[in-house]
Amino acid sequence: MLIILMIFLIISSIMVLLVKRNKESFYIFGMCISLAIMLTGILLYIAKKGGISRELQDFLYFNNNIKISIQYFVITLGQMGYIIAIGRYLFPMFLLLLSLHYSMIPMFQRNYWIKRVIVFIPIFTLILYYPTIFFRITNLNENIQRIITYGTVIWIVSFITFSTFLLFY
């Protein structure tokens, strides 16, 4: 069932993008695709882990055959985590860009450097979280891993909080 909802979400966001070609449609499309990517990674993880009830299997995967084919899909834990990271880091970016687009504050509408910084932070984080780069950086020092992790949580929460403020304002 969740797979059907994800497919519907992707198709509807593509349709909106094709029908109405503007920035809002692109930002909504980006939010939907990043959400679908993150849910795909989570579904992969749940299928690999196993041990869920039959009702939950039916809700998440529609039937047992789909779950089994996903369960035996060859993917490493690093790749699965990176799939989830892509969705988790791109969603706040597109949400903040959408809220800046709808914002009535002239400072945010006219300043293109703010948008560049907003795009740079998630892209830099995705480069930093690439499994081979991340393991090289954090292999020698666990404190660096904590700093990167806390820094990532801080910018994600900041992006979501600020975009929520802008949408309500």
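Readers should treat all values here as calculations from the given coordinates under stated rules, not as data from a laboratory. This structure is a prediction, so every number in the text was calculated from the model and none was measured. A quick note on method: Cβ atoms are made from the backbone with ideal geometry, for glycine too, and the neighbour counts reach across all protein chains shown.
Under 19 Å between alpha carbons, and skipping anything fewer than 8 positions from K49 in its own chain: which lysines qualify?
K49 reaches K67.
What ratio of Cα Rg to 2.2 N^0.38 Å holds for the stretch 77-169?
Taking N as the residue count of the stretch 77-169, the ratio is 1.22.
Give me V74, V16 ranked fewest to most by other Cβ atoms within 10 Å of their Cβ, as a rough exposure proxy.
V74, V16
Where in the stretch 120-140 does the amide nitrogen come within less than 15 Å of the point 7 Å from the Cα of S158, taken along Cα to Cβ?
120-125
Among the aspartates and glutamates, which have Cα under 16 Å from the Cα of K48 when same-chain residues fewer than 8 positions away are ignored?
Straight-line reach from K48, under 16 Å: D58.
Are there DSSP H segments in the chain that both extend 27 Å or more along their axis (alpha-carbon positions) and score a mean Kyte-Doolittle hydropathy of at least 1.0? List them, or say none.
Span-like helices in the chain: 23-49, 77-102, 142-168.
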